[in-house]
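One structure is given below, encoded as structure tokens.
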């Protein structure tokens, strides 16, 4: 494990305002333990510490020169190149795309939209701020989904269309333009849009199996950037400092021009990046998702705080909120926190689909321990019946009785069936009284001594997310969630035994169940008066 500097996990009982960066050789190891069971992926993390310098840490299979696919983080680099061309008066934000090339030059893949009436309305600005009306990626022939400028429409297709315009106009390929405007001036020696000079480590799917390495012979403005966490953070800091483009152009980039809204979360988009201007300082960010890779980049508008996280796993974004909470000063009220969690919604369904479609659970060569990890993930992702049935099947195949009972207890805890969970845990403890995890969870299911509890009033907190993020999230157990009726009202009991921060809960009759991960706000019911945390 290679460690440079890291952030010690302090006890937070109030609004997080900063993260004091100290040397802690266990930080990356602890981080890895919080990834999904059975998927030990590699990662590279760089952030701006409290001394305004860059700290980094890496997993065992990576180092400061390890390159990862940055996926859609490519778009921000490309948007910066376009802004440079605008500053040099080669382009204008409100240029109509159709006027920037001759029909004979248009690649055949865009023929389906060339004659569409909306194509005449499409501008450079529409593409950069994701209001082009084009889909992210085509399914069949490319077509408009909406009128340009009318609504948010995240589109990799649109960025590749603008890449064609830029390359055709300048006579240079994307890699050469990036080298001229960004890579060489900033000394980014391990960053490229192609695989000719930079080769990333292999990615992993949601199950934890290696995927074939990609080799990008042609750069894509939408997804092909290869980089290291420290070099991408260097780019971000230079961008925000006005080193690459003028302050005037920067202000245009980080001004909200379009709004993404899914019914619960509203995120502003500028030119090539997401923006939260409801907090001070303003924060800008982008995420990335390629097969086998996940990425996150975030920086404050005054360069006081920032983070770049690259991972070679489709489970990588499970740590986005944790990293952002611990290593940046982004306020927890920020919509970016909710957006990061929502960004994982699809990954959970992808995991379940991958399991079902590819029948990994029936694969004879898969060790029982790995199948048990899959069962735990079923439980975590809300597939209670699948989890319990798989644990029973694994017991018949030879998985130890303790592991089967413990696994089933966790699955029942996930949906609030505490009595069943307690009975399974008691069976575990009868077999092995020293089973520490089972003992600690079992303790959380027994009426605790009020002298050992910390009371936190829910009054004044707008949602469950704020409550848990303002409390100590460093040491509470994600499974011990009994709802109790006490002389003070209803309470939630959380036993602090692990590092978890992404579990928020609502009341359903007399159970505590997870909220929808995409919910921006969820109000506790009136019957819930206090939150208790064990000391």
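If R0 is taken as 45 Å, the Cβ-Cβ distance between residue 109 and residue 429 corresponds to a FRET efficiency of 0.10.
As a proxy for reagent exposure, 147, 189, 234 were ordered by neighbouring Cβ count within 10 angstrom, fewest first; the result is 189, 147, 234. By definition, a body whose alpha carbon gyration tensor gives a ≥ b ≥ c is oblate when a/c is 1.5 or more and a/b is not larger than b/c, and region 86-149 fits this oblate description.
If you rank 155, 44 by fewest surrounding Cβ atoms within 10 Å, what's the result?
Details: 155 25, 44 30.
Neighbour counts put them in this order, fewest first: 155, 44.
Cβ crowding within 10 Å ranks 77, 428, 279 as 279, 428, 77, fewest other Cβ atoms first. Figure the gain on full extension for residue 90 and residue 196 (residue separation times 0.36 nm, minus the Cα-Cα span) and round it to one decimal in nm. The span from residue 90 to residue 196 would gain 35.3 nm if fully extended.
Just so you know, all these numbers are worked out from the coordinates, no wet-lab data involved. Computed from a predicted model, the values in this text were never measured in an experiment. Here Cβ is always computed from backbone atoms with ideal geometry, including for glycine, and neighbour counts include all displayed protein chains.
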